[in-house]
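Asker: Below are the structure tokens for one structure; questions will follow.
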Amino acid sequence: MATTSDMAPTRRKSGNGRSATKAETREQQLESQVVQLQHDLKAISETLSKLTGEKVGEARSLATSEVQHLRERGQQMLSQAQDQMGETEKQLKDTIRDKPLTAVVAAAGIGFLFALLTRH
């Protein structure tokens with residue numbers, strides 16, 4: 001007949017078997033949770049990439065439209081400046097034709113002032 005001491009190691013083995021099974025189950029649960037977290041992180045990364053791409057596209061579109069708007073505005077301002085210069089040139093020519101002596105005196109005066117300013 002078996003003694004108590006003979007049976008005790010058998011109990012320990014079955015107890016260790018249960019602990020080992022519980023540990024394996026916990027380990028499997030942890031592994032499945034880690035895998036699930038990895039999938040979640042991948043999904044979050046993909047979503048962020050899409051959102052970032054959309055925002056970059058929106059910013060690029062906005063910048064392009066602003067550049068186009070500024071270019072058109074600059075062309076309008078350049079055209080207006082050219083028109084004003086044309087008008088001023090026409091008025092100056094008309095004034096010189098009407099009063100040539102006054103124009104010569106004015107040019108000489110401007111030349112004299114320019115010479116004084118650059119001399120110092």
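Asker: All but one of (1) more than 19 Å from the chain's Cα centre (by Cα); (2) of a type in the set (A, V, I, L, M, F, W, C); (3) modelled with pLDDT of 85 or more hold for residue 63; state the number of the condition that does not hold.
Answerer: Condition not satisfied by residue 63: (1).
Asker: With the checklist (1) at pLDDT below 90; (2) more than 21 Å from the chain's Cα centre (by Cα); (3) surrounded by 10 or more Cβ atoms within 10 Å (Cβ to Cβ) in hand, flag the one item residue 50 doesn't pass.
Answerer: Condition not satisfied by residue 50: (2).
The values are calculated or read from the model by the stated rules, or taken from the named source; none is laboratory data. Here the structure is a predicted model, which means the values were calculated and not measured. Positions of Cβ are generated from backbone atoms using ideal geometry, with glycine treated the same way; all protein chains shown enter the neighbour counts.
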